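*Asks:* For reference, the structure I am asking about is given below.
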Amino acid sequence: MARNLSPAVVSATKAPQKSLAWFAAFVLQGQSIYVWSGLGSVSPTGPAWDPGATFPYGQMFIGVGWLGSISNLPQTTELTAQNMRLTLSAIPSSLAGDAINGVRLSGSVTLWLAFLDTSSNVIPDPLQMWQGATDVPTLSDGANTSTLDLTVENSLLALNLSSNRRYTTLDQQLDFPGDAGFDMLSAMQDLYLPYPDGTLNGTHNIGGTSQLGEAPGGCNVLTLTPSGAQKISLTGSLQMTAVAQFSSGPYSVAGGGLGFETVTSAGLWSTSDPSVATVSNGTGADIPAGIFGTGGGLITACGRGNCTITFFFGTVSGSLTVSVA
């Protein structure tokens, strides 16, 4: 990856003799550990050359010397998951349990490569060479000491893992508490959305059933209440209301009417699955005479599942999905 090198670091790379050191930060269960590849403890003071530098100046690093080693540090331009391995040897057997219990899958490791000046001071800024999550550690027991191997995976490892998230209401609450949008998924899969032509035909029998009367001419807007997908219990019912808005004809404002009428009893109600829910039709409608009938629009649950309830009024229609649970 591209790195922003300070002039001092660039100069150090060109020097005939170079002094290098590794610095690492371990963020483990309940604690952070800082080590470096030299001997003794050091606390690089900085200041940082790059304001965006990730190196923790002022932090005390404990030297591990030859007891610590790094292997398999890949550098590639490919967008692939990679890992490196860190090894700490000569761990007293009495501390082996503490060492392996302190490393958890939720930990992280950041690794820097630093150039040192002639006084063994860190030249700003150390280069971040790696950052990743800790994997399961491996412990090799010896006679008196143990060796701990720790694999560190970079963040691209997530591309190889399946997501544990689900498109469910329960999972949605993690990010958006109270959002009930996924409650409607089962209803939407059987949702029927007719595209109306926006006209009422003066000679057309509503819904094709002559006893329901005929619709007057003119464009309309058909509104069903309640709207949207609905949920009812297995023993429940739901009363629907249909209102037609007229832009012309005898029931429009221009024609001397109110511009809208409740037509719940005057149209034809139907269900896509009578085993899930039925819907009643009204009686007594005589639209040319201004009589819009009584009853109709009562949805009654019959069995668990989803169905589409559709209301036809002339050549327009409206529908909603009903879920019975």
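The values are calculated or read from the model by the stated rules, or taken from the named source; none is laboratory data. The structure presented is a predicted model; accordingly, all values stated were derived computationally and were not measured. Neighbour counts run over all protein chains shown; Cβ positions are idealised from the backbone, glycine included.
*Asks:* What residue, among those in region 21-47 that are without any contact (Cβ under 8 Å) to a residue 40 or more places away in the chain and assigned to a loop (DSSP other than H, G, I, E, B), is surrounded by the most Cβ atoms within 10 Å (Cβ to Cβ)?
*Replies:* Filtering first and then ranking leaves 37.
*Asks:* Next up: Return the only residue of 293, 314, 284 being touching a residue at least 12 places away in the same chain (Cβ under 8 Å), under 20 Å from residue 221 (Cβ atoms) and in contact with a strand residue (DSSP E or B) (Cβ under 6 Å, 6 or more places away or on another chain).
*Replies:* None of the others qualify; the one that does is 314.
*Asks:* Among the listed residues 97, 63, identify the single one that is among the small types (Gly, Ala, Ser), over 34 Å from the mean Cα position of the chain (by Cα) and modelled with pLDDT of 75 or more. Lay out the reasoning, then the answer.
*Replies:* Values: 97 fails: modelled with pLDDT of 75 or more.
Result of the check over 97, 63: 63.
*Asks:* Take residue 50 and tell me if it is among the charged types (D, E, K, R) and in contact (Cβ under 8 Å) with a residue 40 or more places away in the chain.
*Replies:* Considered against the rule, which asks whether it is among the charged types (D, E, K, R) and in contact (Cβ under 8 Å) with a residue 40 or more places away in the chain, residue 50 comes out as yes.
*Asks:* Another question about this same structure. Can you find, within region 240-276, the residue that is modelled with the lowest pLDDT among those that are hydrophobic (A, V, I, L, M, F, W, C) and within 12 Å of residue 310 (Cα to Cα)?
*Replies:* Result: 268.
*Asks:* Quick check on residue 147: is it of a type in the set (Ser, Thr, Tyr), under 18 Å from residue 34 (Cα atoms), in a strand (DSSP E or B) and at pLDDT 80 or above?
*Replies:* It is false that residue 147 is of a type in the set (Ser, Thr, Tyr), under 18 Å from residue 34 (Cα atoms), in a strand (DSSP E or B) and at pLDDT 80 or above.
*Asks:* Moving on. Looking for something over 36 Å from the mean Cα position of the chain (by Cα), farther than 29 Å from residue 181 by Cβ and modelled with pLDDT under 75 - is there at least one such residue anywhere in region 219-239?
*Replies:* The answer is yes, given that some residue of region 219-239 is over 36 Å from the mean Cα position of the chain (by Cα), farther than 29 Å from residue 181 by Cβ and modelled with pLDDT under 75.
*Asks:* Looking only at region 95-125, filter to residues that are outside any strand (DSSP E or B) and of a type in the set (A, V, I, L, M, F, W, C); which one of those is nearest to residue 46 (Cα to Cα)? First the steps, then the outcome.
*Replies:* Applying the first criterion (outside any strand (DSSP E or B)) to region 95-125 yields 95-107, 117-121, 123-125.
Restricting the remaining residues to those that are of a type in the set (A, V, I, L, M, F, W, C) gives 95-96, 99-100, 103, 105, 123.
On the way: 95: 34, 96: 35, 99: 31, 100: 33, 103: 30, 105: 32, 123: 8 Å.
Among them, the one singled out is 123.
*Asks:* Let me ask another. Scan region 277-293 for residues that are surrounded by fewer than 21 Cβ atoms within 10 Å (Cβ to Cβ) and at pLDDT 90 or above and jot them down.
*Replies:* 278, 280
*Asks:* Return the only residue of 23, 61, 115 being in the same structural domain as residue 139 (by TED's automatic domain parsing) and touching a Pro at 6+ places or on another chain (Cβ under 7 Å).
*Replies:* The match here is 23.
*Asks:* Which residues, counting only those in region 1-20, are within 42 Å of the chain's Cα centre (by Cα) and either surrounded by 12 or more Cβ atoms within 10 Å (Cβ to Cβ) or small (Gly, Ala, Ser) (or both)?
*Replies:* 2, 5, 6
*Asks:* Do the conditions hold for residue 128, that is, is it part of a strand (DSSP E or B), of a type outside the set (Asp, Glu) and out of contact with any helix residue (DSSP H, G or I) (no Cβ under 9 Å at 6 or more places or on another chain)? Don't jump to the end; show me each part of the working.
*Replies:* Numbers: part of a strand (DSSP E or B): yes; of a type outside the set (Asp, Glu): yes; out of contact with any helix residue (DSSP H, G or I) (no Cβ under 9 Å at 6 or more places or on another chain): yes.
In short, yes.
*Asks:* Among the residues of region 105-142 satisfying the criterion of being modelled with pLDDT under 90 and of a type in the set (Asp, Glu), which is nearest to residue 95 (Cα to Cα)?
*Replies:* Looking at the filtered set, the residue picked out is 141.
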